[in-house]
Amino acid sequence: MGNYKTTGEVEKETGIKKRVIKYYIEQGFFTPTKKTNGKKPIWYYSKEDIKKLNQIHLYSELGYTNKQIKKLIYDSNFDWDNALDQQIILLRKKKRHIENLLIAAEFMRLVNYLQNQYCDFDMDDFDNSIDDFSNGVFSSEAEDNTEQGIMMLGEQISDSIDLEKLNEIGTKFYDYISKFKDLSNEDPKNSSVQLFIDQICKDVSQMFPDLNSKMIIFGIRMLPTLGIDRMIDMVVGKENTIDYIEEAIAEYIKNEGEDKNG
C-alpha cells in the first residue's frame, strides 16, 4: 500500500516482534496511520509510525514505565532531563546487581575449583540478598556491604604492589600484549599459546608468590564481571569515583560557561 508497511514488514525492518508491536498499540502508545477493516484488520505503518515505534521500544528497553512512556511521547512539558537522569541511576543499580550475581557465581566456581569438589555454601549467609552475599567473596567482615568488600580487596591489592613491581608489571604487560596479538588467532590449546601462558604464570608467581594459576584464571574471569567504574574505585580507594569525577567536571563546565558570559 504505497509507502506504507505491514506489521510483518516492520518486524523485519526494526527487529521488534509482532506481539510487542501489538502490545504497544493496545497500550495506547501510538496508533498506526492506516488500517483496513474486515474479519482480520490489517495495520499499515508510515515512516513516522516506524520512527515513533523505534522510539517507544527504546524507552521500554531503558525500563521506563508505561505511564512515563506516554508522557515522553505526548506531554511536551514532560521533564525529560530529570526522567533520564533517574533512569540512568536505576539502570546503574541494575548493572551493579548483575555484577554482584556474577561475583557470587565466580566465587562459588573458584571455591569448587580449588577444592576439586562441590562446596556446600551456608545459605543462612545468603539471606535472600545477593548484593549482600556477594561481598563475602572479598571479606567475611564486610557482610553488610558489598562495596566495602570490593574496597577492601582493592586495598589488599594496592598494599601488595610497590612502585618497583608496578614498573615491572607495566613493562611486561606491554610485552604480553605484543605477543598475544601474534598468537590470538591460534587455537588456545596450541603449544605456542600454552608456552606463552606458562611464561605469564611463572612471571606472575615471581612477582606475587601467593598467586597460583587457579587464582590467576579467577582474576581473568573477574575482569568482565567488575565494571570499569568499580575497578577505578578499587584503585583510587573511594566508592563511586566516577560519580565524583562526573560531578566535578559538570561544575567545571558550569563555571566555565559563567566565566565566558561574565
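The values are calculated or read from the model by the stated rules, or taken from the named source; none is laboratory data. Nothing here was measured: the structure is a model prediction, and the numbers come from that model. Here the Cβ is made from the backbone with ideal geometry for all residues, glycine too, and neighbour counts use every protein chain on show. Note: areas computed on protein heavy atoms with side chains; ligands, DNA, RNA excluded. Shrake-Rupley method; radii C 1.70, N 1.55, O 1.52, S 1.80 Å.
Counting only protein heavy atoms and using a 1.4 Å probe, the accessible area of Met234 comes to about 20 Å². Length gain on complete extension for the stretch Met231 to Glu251, per 0.36 nm per residue less the alpha carbon to alpha carbon distance? Computed gain between Met231 and Glu251 is 4.8 nm. Accessible-area rank, largest first, for Val235, Val193: Val235, Val193, with all protein chains present and a 1.4 angstrom probe. Amide H to amide H distances under 5 Å link Ile42 with Thr36, where only residues 5 or more positions off or on other chains count and H is placed in the peptide plane. Every Cα-Cα pair of the range 32-113 was included, and the share exceeding 23 Å stands at 50 percent.
Could you list, in their original order, any pairs among Lys18/Lys40; Lys179/Lys202; Lys214/Lys238 whose Cα atoms are separated by more than 19 Å? All intermediate terms of the calculation are to be shown ahead of the outcome.
Details: Lys18/Lys40 15 Å; Lys179/Lys202 16 Å; Lys214/Lys238 29 Å.
Checking Cα-Cα distances, Lys214/Lys238 exceed 19 Å.
Using a probe of 1.4 Å on the protein chains alone, the accessible area found for Asp203 is around 20 Å².
With a Förster radius of 22 Å, plug the Cβ-Cβ distance of Asp182 and Ile220 into 1/(1 + (r/R0)^6) and report the FRET value to the nearest 0.05. Please list the in-between numbers first.
Working: r = 19 Å, r/R0 = 0.88.
E between Asp182 and Ile220, to the nearest 0.05, is 0.70.
Protein-only accessible surface at a 1.4 angstrom probe places the residues His97, His57 in the order His97, His57, largest first.
So if R0 is 45 Å, what FRET efficiency would Val111 and Lys40 give, r being the distance between their Cβ atoms, rounded to the nearest 0.05? Result of the calculation: an efficiency of 0.20.
Residue order by solvent-accessible surface for Leu102, Leu58, Leu226 is Leu58, Leu102, Leu226, largest first, with ligands and nucleic acids left out and a 1.4 Å probe. Using the Cβ-Cβ distance between Asn82 and Lys51 with R0 set to 35 Å, the FRET efficiency from 1/(1 + (r/R0)^6) comes to roughly 0.90.
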